Amino acid sequence: MSASAFVVIAIVTVAGALAAACLRKLIHAALCLVVAFLGIAAFYFLLGAEFVGLVQVFVYVGAVAVLIVFTILLTRREDEDDVGFNWGGVIVALAVFGVLSWAILKTTSLSIAPPAIEALTVKRIGQILMTDYIWPLQCVGVLLTAALIGALVLVMEEKR
């Protein structure tokens, strides 16, 4: 892993996360959250986990972030005055950072070398899903189909 690429991605990711926590306008905070999600996906790509990076982009950037932006745009009214900096967000972000740093540093597994494992490719993930986990995969497919049909039923207008 390239140290300079890691530093650049880390700065972009942390800046996006801090901006998402500190900005007063929700739409700006949501767009900064997209930058943080893309930074996390870049970390996955840098580590060689292309499948997880693509899932991060598709699910979080492509679905969750777009859902957040549309929800803000459809429900938010700009009635209140947006002045000043959100120091509460900075305090909460620093508190969470402190607690997570303390937990990581107190972990004993940092000194243990990880065992060598073979690389997990997209082909191998597909083989495992279609052999060992076929029933859970089918159940998730049926559940998502039922949720989609339920959402369509809820938003359909009755014709009288």
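The values are calculated or read from the model by the stated rules, or taken from the named source; none is laboratory data. As the structure is a prediction and not an experimental result, all values here were calculated from the model. In this analysis, Cβ positions are derived from the backbone assuming ideal geometry, glycine residues included, and neighbour counts consider all displayed protein chains.
Residues that are over 30 Å from I125 (Cα atoms): list the helices (runs of 4 or more DSSP H) wholly contained in segment 1-114 that include at least 2 such residues.
Answer list for segment 1-114: 3-22, 26-47, 66-75, 87-105.
Every residue in segment 1-20 that is surrounded by 15 or more Cβ atoms within 10 Å (Cβ to Cβ) and either touching a residue at least 24 places away in the same chain (Cβ under 8 Å) or not aliphatic (A, V, I, L, M) (or both), please.
At the first step, the residues of segment 1-20 found to be surrounded by 15 or more Cβ atoms within 10 Å (Cβ to Cβ) are 9, 12-13, 16-20.
I9, V12, T13, G16, A17, L18, listed by residue number.
Taking V142 as the residue in question, decide whether it is modelled with pLDDT of 90 or more, among the hydrophobic types (A, V, I, L, M, F, W, C), loosely packed, with under 11 Cβ neighbours inside 10 Å and farther than 23 Å from T13 by Cβ. Don't jump to the end; show me each part of the working.
Details: modelled with pLDDT of 90 or more: yes; among the hydrophobic types (A, V, I, L, M, F, W, C): yes; loosely packed, with under 11 Cβ neighbours inside 10 Å: yes; farther than 23 Å from T13 by Cβ: yes.
Considered against the rule, which asks whether it is modelled with pLDDT of 90 or more, among the hydrophobic types (A, V, I, L, M, F, W, C), loosely packed, with under 11 Cβ neighbours inside 10 Å and farther than 23 Å from T13 by Cβ, V142 comes out as yes.
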